[in-house]
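Peer 1: Here's a structure for you.
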Amino acid sequence: MKVFLVVKYSRGNDELAELADTLVTATQRAGHTPFVGWREIRTRHLSTGHEWMPFIKTLLSTCDLLILVYEESLRGGFVELGMAYAQSLPIWVLSRPGQSISNSVQGCAEKIILYESLDELSHRLLKEYRHYKTEPS
């Protein structure tokens, strides 16, 4: 299964990079192929929306699941959320307890997973992957 991971861009933020790494590792440990949106854009040196928006849309069309780490300041990640919703992809939203998740994000989410730490996030994500049934891509 291909999983598109939406995590706020880390630009020098080690905590966000570690969060992305945790998601990638948990996804790979579950036997799936992860894609972190901003890393895919950076790897391909796509610098404008005219370059990366079609790329993200195409990449999402090959994925089986979108996982979004919710932050009110996410900005671009909500574009991927909307694209995934329009393509009828299942959407999981990850959030820290106490965050107020917008109604529109809740309306798109198949599942909301709360976590306090990266270890807990990894554990919960692996558990959800084990219980998630999809048809092979």
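Peer 1: Name the one entry in 66, 60, 81 that is over 16 Å from residue 8 (Cα atoms) and in contact with a strand residue (DSSP E or B) (Cβ under 7 Å, 6 or more places away or on another chain).
Peer 2: Values: 66 fails: over 16 Å from residue 8 (Cα atoms); 81 fails: over 16 Å from residue 8 (Cα atoms).
Checking each option against the conditions leaves just 60.
Peer 1: Restricting segment 32-73 to residues that are without any contact (Cβ under 8 Å) to a residue 24 or more places away in the chain and under 28 Å from residue 119 (Cα atoms), which is surrounded by the most Cβ atoms within 10 Å (Cβ to Cβ)?
Peer 2: Going residue by residue through segment 32-73, those that are without any contact (Cβ under 8 Å) to a residue 24 or more places away in the chain are 39-52, 54-55, 58.
When the remaining residues are screened for being under 28 Å from residue 119 (Cα atoms), the result is 39-43.
Details: 39: 17, 40: 16, 41: 19, 42: 15, 43: 9.
Of everything passing the filter in segment 32-73, 41 is surrounded by the most Cβ atoms within 10 Å (Cβ to Cβ).
Peer 1: So if I check each of 78, 35, which one is at pLDDT 90 or above, hydrophobic (A, V, I, L, M, F, W, C) and not in a loop (DSSP other than H, G, I, E, B)? Talk me through it step by step, then tell me what you get.
Peer 2: Numbers: 78 fails: at pLDDT 90 or above.
Step by step, each of 78, 35 is checked, and only 35 is at pLDDT 90 or above, hydrophobic (A, V, I, L, M, F, W, C) and not in a loop (DSSP other than H, G, I, E, B).
Peer 1: List every residue pair whose Cβ atoms sit under 7 Å apart, with the two residues 6 or more apart in sequence or on different chains, where the first one lies in segment 97-110 and is within 13 Å of residue 71 (Cα to Cα) and the second, anywhere, is surrounded by 12 or more Cβ atoms within 10 Å (Cβ to Cβ) and of a type outside the set (Val, Ile, Thr).
Peer 2: As it stands, the answer is 97/114; 99/70; 101/70; 101/95; 105/70; 105/81, since those pairs meet every condition given.
Peer 1: Consider residue 18 carefully, then state whether it is part of a helix (DSSP H, G or I), of a type in the set (Asp, Glu), out of contact with any strand residue (DSSP E or B) (no Cβ under 7 Å at 6 or more places or on another chain) and touching a residue at least 60 places away in the same chain (Cβ under 8 Å). Give the derivation first.
Peer 2: Details: part of a helix (DSSP H, G or I): yes; of a type in the set (Asp, Glu): yes; out of contact with any strand residue (DSSP E or B) (no Cβ under 7 Å at 6 or more places or on another chain): yes; touching a residue at least 60 places away in the same chain (Cβ under 8 Å): yes.
Answer is yes for this residue.
Peer 1: A follow-up question, please. Would you mind stating whether residue 113 is in a strand (DSSP E or B), among the aliphatic types (A, V, I, L, M) and more than 12 Å from residue 4 (Cα to Cα)?
Peer 2: Working: in a strand (DSSP E or B): yes; among the aliphatic types (A, V, I, L, M): yes; more than 12 Å from residue 4 (Cα to Cα): yes.
Yes.
Peer 1: Quick one: is residue 129 surrounded by 14 or more Cβ atoms within 10 Å (Cβ to Cβ), of a type in the set (Ser, Thr, Tyr) and free of Cβ contacts under 8 Å to residues at least 60 places away in the same chain? Working first, answer last.
Peer 2: On the way: surrounded by 14 or more Cβ atoms within 10 Å (Cβ to Cβ): yes; of a type in the set (Ser, Thr, Tyr): yes; free of Cβ contacts under 8 Å to residues at least 60 places away in the same chain: no.
Against the criterion (surrounded by 14 or more Cβ atoms within 10 Å (Cβ to Cβ), of a type in the set (Ser, Thr, Tyr) and free of Cβ contacts under 8 Å to residues at least 60 places away in the same chain), residue 129 does not qualify.
Peer 1: Does residue 65 count as of a type outside the set (Ser, Thr, Tyr), under 15 Å from residue 108 (Cα atoms) and at pLDDT 90 or above?
Peer 2: Working: of a type outside the set (Ser, Thr, Tyr): yes; under 15 Å from residue 108 (Cα atoms): yes; at pLDDT 90 or above: yes.
Against the criterion (of a type outside the set (Ser, Thr, Tyr), under 15 Å from residue 108 (Cα atoms) and at pLDDT 90 or above), residue 65 qualifies.
Peer 1: Would a scan of segment 104-115 turn up a residue that is at pLDDT 95 or above, hydrophobic (A, V, I, L, M, F, W, C), surrounded by fewer than 17 Cβ atoms within 10 Å (Cβ to Cβ) and over 23 Å from residue 38 (Cβ atoms)?
Peer 2: Yes, some residue in segment 104-115 is at pLDDT 95 or above, hydrophobic (A, V, I, L, M, F, W, C), surrounded by fewer than 17 Cβ atoms within 10 Å (Cβ to Cβ) and over 23 Å from residue 38 (Cβ atoms).
Peer 1: Of the conditions (1) under 14 Å from residue 6 (Cα atoms); (2) assigned to a loop (DSSP other than H, G, I, E, B), residue 85 fails just one. Which one is it?
Peer 2: (2)
Peer 1: Just name the residue that is surrounded by the most Cβ atoms within 10 Å (Cβ to Cβ) out of those in segment 79-96 that are among the small types (Gly, Ala, Ser) and free of Cβ contacts under 8 Å to residues at least 40 places away in the same chain. Walk me through it before giving the result.
Peer 2: First pass over segment 79-96, keeping only residues among the small types (Gly, Ala, Ser): 82, 84, 86, 88, 95.
Then keep just the ones that are free of Cβ contacts under 8 Å to residues at least 40 places away in the same chain; that gives 82, 86, 88, 95.
Values: 82: 12, 86: 11, 88: 7, 95: 18.
Result: 95.
Peer 1: Okay, next question. Tell me whether segment 2-10 contains one or more residues that are surrounded by fewer than 16 Cβ atoms within 10 Å (Cβ to Cβ), at pLDDT 90 or above and either within 19 Å of residue 114 (Cα to Cα) or of a type in the set (A, V, I, L, M, F, W, C) (or both).
Peer 2: No: segment 2-10 contains no residue that is surrounded by fewer than 16 Cβ atoms within 10 Å (Cβ to Cβ), at pLDDT 90 or above and either within 19 Å of residue 114 (Cα to Cα) or of a type in the set (A, V, I, L, M, F, W, C) (or both).
The values are calculated or read from the model by the stated rules, or taken from the named source; none is laboratory data. Being a predicted model, the structure only gives us computed values, none of them experimental. No Cβ is skipped: glycine too gets one built from the backbone with ideal geometry, and neighbour counts run over all protein chains shown.
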